[in-house]
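Chemist: Before we start, here is the structure in question, set down as structure tokens.
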Amino acid sequence: MAYIKRMIIVALLMLTQATLLKAEDGQALWLRGNSNIKVTVSGPGHSPVVDLAIAELKRGWHGKPDMVLNLRISDNPAIKGDGFQLEESAISARTELGLLYGAYELLRSQYLGSPARRFVSNPSYSRRILNHWDNLDGSIERGYAGRSIFWGEKENGLSITEQDKEKWTAYARANASIGINGSVLNNVNASAKILSKPYLEKVRAIAERLRPYGIKTYLSVNFSSPVLIGKLKKADPLDPQVQQWWKDKVKEIYALIPDFGGFLVKANSEGQPGPQDYGRTHVDGANMMADALEPFGGIVMWRAFVYNPSPEDRTKQAYKEFLPLDGAFRKNVILQVKNGPLDFQPREPFSPLFGGMTKTPVMPEFQITQEYLGGSKQLVFLSTLWEECLNNDTFKNGKGSTVAACTDGSLSKTDFTAIAGVANIGNDVNWTGHTFAQANWYAFGRLAWNNKLESKVIAAEWIKQTFLDSKEKKTDAKFAKTVQGIMMESREAAVDYMMPLGLHHIFAEGHHYGPAPWFSNDKIRADWTSVYYHKADEQGIGFDRTRNGSDAVDQYHEPLSSKLNSLSTCPEIYLLWFHHVPWSYRLKSGNDLWTELCLRYDRGVNKVRSFQKDWDRMDGAIDKERFQEVQSKLRTQSRDAQIWKDACLLYFQQFSKREIPFDIERPV
Ligand code: GCW
């Protein structure tokens, strides 16, 4: 009897194992919805995009069997751009692409088991773009998921294999499924070679693969290209020969890629060439390129990430540089601004340029790749960081002028809107290195489509599509809830164990992974060292950006500027960003600053340990391969969080000269 019982249990176990998703599912991202349920779909005639939409619906249908679904082009005024309307038996849109997006949305809601209802969905931004920091030799700047899926001089030169093409198609499909409609194929630290004939030929081949999925191709360009690959002596934007060179080049590009999107430019930033090399302004440089692109409908995304060696607080420089240029740019130029005024830190206040520029459109740049958030070693869900940025109130036109409203056209009533995310994609089998880094790619796309979506909803969607079967079981619900909890707390945990209370850029030089608050080197620029940012001394710690200090607070509108300026009203999450605070200062918790700092670091470490325990309990809920990968990475994260805490507390203790409280774990 006992034997039979045992056999039944073994058989049941085998059965459950068999229904678990397989490890290859990492490759399939959130697109595992194949089904055998029959549906009949009729479309408005044949075209590559409509045929794709129909094929996707047939492949992933999880709705009522034997239904007849209608795709139709409609001029319903409620539908905007590539938006769509879903009904029980129809998808309508103004454009064919809208039908494809509607198809993906319908499939997603079926898979997630959300009830079918009639609704319209319009994109928040008209351009939703990935920026690849891929170099032409196949390496990726700040990439943690292998080598480039586009380039690779040493391996295969400019040749293109069938495998490459399949990869590009899979890439395009994944992007389209979440609404991304543009890709910048190369690093903003751009090689001029990208504009040479053989590279443009390859760009054409890539564009052909991306086009059916509605993804436009863009390129990062080097401002000195006319000198580096042309025969010109200078790249002065006011020189007619230089202007002609760009016009000819743009013409050549459009002959190959008729729907080419435009240029992304990093100029006069971190050693890159730019118009200032010739005594010209950013406007002169951007407008020259804009004029060349305009006849073809192309745009210029001009980056605002500029800062120079000077005694001026680095976080103030971009605003000072660009605000006087507001309104002087051509109509097809948009300013691309990182979410914070410094550089993709675990937490920054929003960039004051979002609320500052009134005439020139501004687009947010988020970093999906985890340069400052643990690379592909750490589980950090970035959606909450972006949500926080988008929801910040700039007070540009009074209350409610959020970063989202300043950039999505709702304040300025423009259709020329865009958002960019620095991609975390490489040729690793699972695309992003860490399985959970896929969630950041997914979240970027979802927020770019709808900047009001909540991170907890995005997380739930991603978890179910990535790990779970469409038919929910009891164990699934437990897994989903646990993992959502981990994801939702992960970014705050990272802030706590790396840089709590507004600390920033105390990273080790170069790799930006571990701590080095001690890093200071007289031979390099002050703003490239950590001590510059935390300014710890025997009195206290933090960067004084108040009206008595660098006065960065006044780059924000009232009443925010005064709120940030005063120690008692400045939100504690930004305390040491804006204030040099005495060690004995009492925080809202009642603790003095030193004690609170210790508790925050400790809280961060303990959070990661709790993630480990939660994850361990999920053994058996998903395939072994992804389970073990995440388990092992959480171990690394937990160890490294402790290194952060110990390093920072022991270093800062030299200044605070206070005891580390005995109720937290002592540094080892
Ligand atoms: O975040 C910093 C990175 C650089 C990057 C630069 C930028 C592409 O450390 O690697 O260069 O910003 O955004 O231009």
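The values are calculated or read from the model by the stated rules, or taken from the named source; none is laboratory data. This one's a predicted model, so the numbers in the text were calculated from it and none came from an experiment. Here Cβ is always computed from backbone atoms with ideal geometry, including for glycine, and neighbour counts include all displayed protein chains.
Here is a yes/no grid of residues against (1) closer than 19 Å to D476 by Cα; (2) touching a residue at least 40 places away in the same chain (Cβ under 8 Å); (3) out of contact with any Leu (no Cβ under 8 Å at 6 or more places or on another chain); (4) assigned to a helix (DSSP H, G or I):
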residue: D602; (1), (2), (3), (4): no, yes, yes, yes
residue: S610; (1), (2), (3), (4): no, no, yes, yes
residue: M618; (1), (2), (3), (4): yes, yes, yes, no
residue: Q628; (1), (2), (3), (4): yes, no, yes, yes
residue: S632; (1), (2), (3), (4): no, no, yes, yes
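Chemist: Being farther than 20 Å from E365 by Cβ, free of Cβ contacts under 8 Å to residues at least 24 places away in the same chain and either assigned by TED's automatic domain parsing to the domain that holds G83 or assigned to a helix (DSSP H, G or I) (or both) is the requirement here; does D164 meet it?
Modeler: It is true that D164 is farther than 20 Å from E365 by Cβ, free of Cβ contacts under 8 Å to residues at least 24 places away in the same chain and either assigned by TED's automatic domain parsing to the domain that holds G83 or assigned to a helix (DSSP H, G or I) (or both).
Chemist: On to the next question. Give the residue that is farthest from G143 (Cα to Cα), with candidates limited to residues of the range 332-347 that are in contact with a helix residue (DSSP H, G or I) (Cβ under 7 Å, 6 or more places away or on another chain) and either aromatic (F, W, Y) or within 16 Å of the ligand (Cβ to nearest atom) (or both).
Modeler: Restricting to residues being in contact with a helix residue (DSSP H, G or I) (Cβ under 7 Å, 6 or more places away or on another chain) and either aromatic (F, W, Y) or within 16 Å of the ligand (Cβ to nearest atom) (or both), the top hit is L335.
Chemist: Which ranges mark the helices (runs of 4 or more DSSP H) fully within the range 391-469 that have 3 or more residues being at pLDDT 95 or above and within 21 Å of P352 (Cβ to Cβ)?
Modeler: Filter on the range 391-469 gives 403-407.
Chemist: Return the total of residues in the range 495-532 being touching a Leu at 6+ places or on another chain (Cβ under 7 Å), part of a loop (DSSP other than H, G, I, E, B) and away from the ligand (no atom under 15 Å from the Cβ).
Modeler: The number of residues fulfilling the criteria is 1.
Chemist: Just the residues that are in contact with a helix residue (DSSP H, G or I) (Cβ under 6 Å, 6 or more places away or on another chain), modelled with pLDDT of 95 or more and part of a loop (DSSP other than H, G, I, E, B), please, taken from the range 93-126.
Modeler: Answer for the range 93-126, where residues must be in contact with a helix residue (DSSP H, G or I) (Cβ under 6 Å, 6 or more places away or on another chain), modelled with pLDDT of 95 or more and part of a loop (DSSP other than H, G, I, E, B): P123, Y125.
Chemist: Another question, then. Taking the residues in the range 151-184 that are surrounded by fewer than 24 Cβ atoms within 10 Å (Cβ to Cβ) and among the hydrophobic types (A, V, I, L, M, F, W, C) as candidates, determine which candidate is nearest to E270 (Cα to Cα).
Modeler: L158
Chemist: Among (1) more than 30 Å from K474 (Cα to Cα); (2) of a type outside the set (A, V, I, L, M); (3) crowded, with 20+ Cβ neighbours inside 10 Å, which single condition is Y585 missing?
Modeler: Among (1) more than 30 Å from K474 (Cα to Cα); (2) of a type outside the set (A, V, I, L, M); (3) crowded, with 20+ Cβ neighbours inside 10 Å, the lone unmet condition for Y585 is (3).
Chemist: Turning to a different aspect of this structure: Out of the residues in the range 348-378 that are within 13 Å of the ligand (Cβ to nearest atom) and assigned to a strand (DSSP E or B), state the one that is nearest to S530 (Cα to Cα).
Modeler: The residue in question is Q367.
Chemist: When you go through E321, E294 one by one, which is the residue that is surrounded by fewer than 22 Cβ atoms within 10 Å (Cβ to Cβ) and in contact with a helix residue (DSSP H, G or I) (Cβ under 8 Å, 6 or more places away or on another chain)?
Modeler: Result: E321 is the single residue among E321, E294 that is surrounded by fewer than 22 Cβ atoms within 10 Å (Cβ to Cβ) and in contact with a helix residue (DSSP H, G or I) (Cβ under 8 Å, 6 or more places away or on another chain).
Chemist: Would you check if there is a residue in the range 130-147 being at positive phi, out of contact with any Ser or Thr (no Cβ under 7 Å at 6 or more places or on another chain) and in contact (Cβ under 8 Å) with a residue 12 or more places away in the chain?
Modeler: Scanning the range 130-147 turns up at least one residue that is at positive phi, out of contact with any Ser or Thr (no Cβ under 7 Å at 6 or more places or on another chain) and in contact (Cβ under 8 Å) with a residue 12 or more places away in the chain.
Chemist: Right, here's the next one. Among the numbered criteria (1) surrounded by 23 or more Cβ atoms within 10 Å (Cβ to Cβ); (2) assigned to a loop (DSSP other than H, G, I, E, B); (3) within 16 Å of the ligand (Cβ to nearest atom), which one does I129 miss?
Modeler: With (1) surrounded by 23 or more Cβ atoms within 10 Å (Cβ to Cβ); (2) assigned to a loop (DSSP other than H, G, I, E, B); (3) within 16 Å of the ligand (Cβ to nearest atom) applied to I129, the lone miss is (2).
Chemist: State whether one or more residues within the range 541-561 are among the polar types (S, T, N, Q), outside any helix (DSSP H, G or I) and within 26 Å of the chain's Cα centre (by Cα).
Modeler: Checking the range 541-561: not a single residue is among the polar types (S, T, N, Q), outside any helix (DSSP H, G or I) and within 26 Å of the chain's Cα centre (by Cα).
Chemist: Specify which of the listed residues (A439, A459, A420, A405) is more than 25 Å from V605 (Cα to Cα), aliphatic (A, V, I, L, M) and either within 16 Å of the ligand (Cβ to nearest atom) or within 17 Å of the chain's Cα centre (by Cα) (or both).
Modeler: Just one listed residue meets the conditions, A420.
Chemist: Could I ask something else about it? Quick check on R545: is it touching a Leu at 6+ places or on another chain (Cβ under 9 Å) and among the charged types (D, E, K, R)?
Modeler: Yes: the conditions hold for R545.
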